[in-house]
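Okay, structure first, notes after.
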Amino acid sequence: MSQLRVALFLICLLWSPLICLGIRAFPTPEKKASVSSGFGFNEAPEYRNGVHCKISSVHVAMTLDSEYLRGTIAAVHSVLRHASCPENVFFHFISAEFDSASPRVLSQLVRSTFPSLAFKIYIFREDIVINLISSSIRQALENPLNYARNYLGDILDSGIDRVIYLDSDIVLVDDITKLWNTRLTESRVIGAPEYCHANFTKYFTDTFWSDPTLTRTFGSKKPCYFNTGVMVMDLKKWREGDYKAQIEKWMDLQKAQRIYELGSLPPFLLVFGGNIEPIDHKWNQHGLGGDNVKGSCRSLHPGPVSLLHWSGKGKPWVRLDENRPCPLDYLWKPYDLYKINQRLRSVHDHQPLGLSSNFIGYSNYFI
């Protein structure tokens with residue numbers, strides 16, 4: 001009997017060694033993860049730590065909802081794909097209380113797509129912010145989940161003192177540990193790329209700038225625009241300074257006086273403008289989704305790139321599915337795990353019109 005078992009094992013080993021040894025390799029294209037919600041994603045490759053990795057945690061917070069789910073999955077995939085120690089990354093997903101896909105369904109989907117991922121899902125109670133939200137120039141910016149970043153100090157476990165917040169419409173093409181190691185000097189609570197060449201005044205209305213009391217908000221500081229889609233946050237200082245309450249104060253004033261037009265960004269500028277840790281611009285090549293009205297195509301900013309951000313109206317998965325992609329949307333595509341992607345590859349896997357050979361060479365750097 002023992003000889004028969006050995007013989008069967010050898011046959012199995014020759015026929016399918018990975019099954020016999022219990023080692024899971026890269027999944028085949030046919031292997032898909034699906035849940036009752038109707039969403040379906042291919043299982044991601046397995047990303048493991050190298051021998052050089054020490055036991056440490058990199059905490060990343062992102063929102064997780066049915067509308068931007070495809071973007072979030074691609075973003076997570078990109079983080080793992082480029083991380084030097086992918087098993088050290090712990091994801092904190094913030095899910096809306098009344099999302100059409102329940103937290104249980106979303107959790108099952110994430111687990112089936114990334115079986116070894118370390119993550120936790122938190123429920124965001126929309127009623128704590130719904131009465132503070134005013135109308136914006138684009139309806140999508142009024143989604144209560146956009147304001148979850150204001151409450152990370154309360155939502156995440158009290159033992160989490162530092163986190164990287166990422167929007168769902170990004171992909172990383174660099175090691176997230178480098179961003180995690182950003183030093184927040186002095187009393188600074190957040191770090192983000194600053195853009196001091198941008199016209200800071202346009203983020204607030206004439207009502208704001210004509211009020212001498214309001215304009216003294218910045219005092220002697222020199223505020224610059226920064227994008228809140230990529231932030232390194234010291235949650236210990238955040239909680240101690242009760243910055244959530246400071247942001248809510250400005251949102252209350254906005255309801256009464258209309259001092260800005262653009263969603264959840266201006267309150268952050270009012271509280272932190274002129275007092276953030278400036279991070280290299282390569283960590284937020286933002287605006288790739290175009291403006292907030294037309295979503296027109298944009299090009300990369302000059303300089304190196306570690307993170308691409310499709311902020312603005314246009315999202316790469318929508319434009320790719322509609323067969324009207326912008327050139328840079330092809331840099332997002334390799335991280336897309338949505339099951340329809342298999343069918344789309346046969347349609348879209350060609351050089352887009354107007355895409356130079358230099359761009360193709362450049363895109364290979366990212367993937």
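Quick rundown of the values:
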{"quantity": "Total residues in the range 223-248, condition in contact (Cβ under 8 Å) with a residue 40 or more places away in the chain and in a helix (DSSP H, G or I)", "calculated": "10"}
{"quantity": "Selection count where residues are of a type in the set (V, I, T) and either in contact with a His (Cβ under 6 Å, 6 or more places away or on another chain) or part of a strand (DSSP E or B) (or both), scope the range 189-198", "calculated": "1"}
{"quantity": "One residue from G289, G295 being touching a Ser or Thr at 6+ places or on another chain (Cβ under 7 Å) and farther than 21 Å from C196 by Cβ", "calculated": "G289"}
{"quantity": "Selection count, the range 54-65, where residues are open to solvent by 30 Å² or more (accessible area, probe 1.4 Å), assigned to a loop (DSSP other than H, G, I, E, B) and not aliphatic (A, V, I, L, M)", "calculated": "3"}
{"quantity": "Enumeration of residues in the range 189-202 that are in contact with a strand residue (DSSP E or B) (Cβ under 6 Å, 6 or more places away or on another chain) and either in contact (Cβ under 8 Å) with a residue 40 or more places away in the chain or open to solvent by 40 Å² or more (accessible area, probe 1.4 Å) (or both)", "calculated": "V189, I190, G191, A192, E194, Y195, F200"}
{"quantity": "G290 under 28 Å from G314 (Cα atoms) and in contact (Cβ under 8 Å) with a residue 12 or more places away in the chain", "calculated": "yes"}
{"quantity": "Answer from G303, G263 - the residue that is more than 17 Å from the chain's Cα centre (by Cα) and in contact (Cβ under 8 Å) with a residue 24 or more places away in the chain", "calculated": "G263"}
{"quantity": "Residue check, I279 open to solvent by less than 10 Å² (accessible area, probe 1.4 Å), closer than 24 Å to F204 by Cβ and of a type in the set (V, I, T)", "calculated": "no"}
{"quantity": "Unmet criterion (only one of (1) open to solvent by 30 Å² or more (accessible area, probe 1.4 Å); (2) assigned to a helix (DSSP H, G or I)) for S220", "calculated": "(2)"}
{"quantity": "Options T217, T207, T182: the member that is within 30 Å of S78 (Cβ to Cβ) and polar (S, T, N, Q)", "calculated": "T182"}
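The values are calculated or read from the model by the stated rules, or taken from the named source; none is laboratory data. Computed from a prediction, not measured in an experiment: that's the story for all the values here. Methodologically, a virtual Cβ is constructed for each residue, glycine included, from the backbone with ideal geometry; neighbour enumeration extends over all protein chains shown. When the accessible area is computed, the model is the full protein with side chains, heavy atoms only, and any ligands, DNA or RNA have been set aside. Shrake-Rupley method; radii C 1.70, N 1.55, O 1.52, S 1.80 Å.
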